Amino acid sequence: MSQLHYHAQPTLRDPLVIAAFRGWNDAAESATHAIQYLADRWSSEKIAEIDSEDFFIFTETRPTVKITDDDKRVIVWPDNEFLAYSAPDLERDIILFLGTEPQLKWNTFAQSFLKVCRNFRASEVILFGSMLSDVPHSLAVPITGASYDPATLSRLEEMTLPTSGYEGPTGILSVLHEVCHQAQIPTTMFWAAAPHYLATTPNIMVSSALLTTLNGYLSLDLDLDEIQAEARRFSSRIDAMVARNPEAGEYIRQLEEQLDELENEIEIEIELEEEDEDEADSHREEQSTPLPSADVLIENIEAMLRMEREHQGLPYHSDDDEKDVE
């Protein structure tokens, strides 16, 4: 059975692919929500999908049952879909990809992704990811970039975006990054850091930051007023909740100080390049201050968010809900 299904073959203008995956690469569902935000506001056309059968362990990533408007039960499988969007005010067309990180055959999956990019002659690929980190919601969302292309790295430097030097376990995004690079398709990854104490999903502030970065990087002139306003309202609600909880306020203040110390440490490292290594290590120890446990903060903010959502009659979901199911 073919792993690829094409639903349409539109002629696209110099298409740009923007992709995100649910799962390990999607802390607080921030990356996928950024893609979904665009898909919901554009009249996009489903042009292709990667079949889930060969790539998932369905006892780990389970299909779901849904009831249709005419009361029929349908099975919804993990999806990996390509959506095309064309607009006369944009110089190029856009292919949105929204998927779920597979458990199996990553190389085969990556080749299927690449085939779709080649089929529609994609000229560039952007990959969105998000990770939980010790960052406060009160400061700008940290964004890092990654690319193999020297020109792209120069562009990231112009935008004062730090590049990632991460080494360790990785997700499907890094595999796609390498496969597309080997196929000579310019590819850039943008990773956003989400506050680890806000498990509520999606984190609108992080999604907004990713889209704002994309807008600046490619000069797309996308209208992001709505999601940016949502992000400000979300931040204000968290501020109000933290103001009612002195322990939460103290924790966030320490996170802010830790980031300041980290920035100062980078400057100090430059000054200490010629210094004896033992003296440098001693200086780092003096600069570092351990943070207290965030358990109480997380529980309090999650409880307040849940009560607020229930009071408004809105659904609430947190990352912990998924852990409970597992």
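No lab work stands behind these numbers, since they all come straight from the coordinates. None of these values were measured; they are calculated from a predicted model. Here the Cβ is made from the backbone with ideal geometry for all residues, glycine too, and neighbour counts use every protein chain on show.
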Cα-projected label distance for Ser2 with Tyr166, points at 7 Å along beta-carbon direction, nm: 3.4 nm
Gain in span if fully extended, Ile57 to Trp42, counting 0.36 nm per residue against the direct Cα distance: 2.2 nm
Cβ-based net charge around Phe113, under 13 Å, with every Lys or Arg adding one and every Asp or Glu removing one: -2
Signed unit charges on C-beta, dipole axis of the stretch 47-180, positive-most listed residue Val135, Ile67, Gln103: Gln103
Cα gyration tensor, the stretch 167-233 - rounded (a/c under 1.5), prolate or oblate: oblate
³J(HN,Hα), Karplus 6.51/-1.76/1.60, whole Hz, each residue of the stretch 38-51, x for Gly, Pro: 5, 4, 5, 9, 10, 7, 8, 10, 6, 10, 6, 8, 9, 5
Neighbour cut-off at most 13 other Cβ (10 Å), DSSP loop, trypsin sites (Lys or Arg not before Pro), the stretch 63-147: Lys72, Arg121
Qualifying chymotrypsin sites (Phe, Trp or Tyr not before Pro) for the stretch 46-154 [loop in DSSP, other Cβ within 10 Å: at most 14]: Phe58, Tyr148
Residue exposure sequence - Ile57, Ile227 - by fewest surrounding Cβ within 10 Å: Ile57, Ile227
Fewest-first ranking of Ile143, Ile67, using other Cβ atoms within 10 Å as the exposure measure: Ile67, Ile143
For a label point 7 Å along the Cα-to-beta-carbon line of Arg155, residues of the stretch 19-39 with backbone N under 14 Å: none
Whole-number percent relative contact order across the stretch 4-225, with pairs defined as alpha carbons under 8 Å at least 6 apart: 27 percent
Low-density loop positions, trypsin sites (Lys or Arg not before Pro), the stretch 175-247 - DSSP coil, at most 16 other Cβ in 10 Å: Arg244
The stretch 1-88, relative contact order [Cα under 8 Å, separation at least 6], %: 32 percent
Residue exposure sequence - Thr59, Thr32, Thr187, Thr200 - by fewest surrounding Cβ within 10 Å: Thr59, Thr200, Thr32, Thr187
Rg over Rh [alpha-carbon atoms, Kirkwood Rh] for the stretch 59-194: 1.02
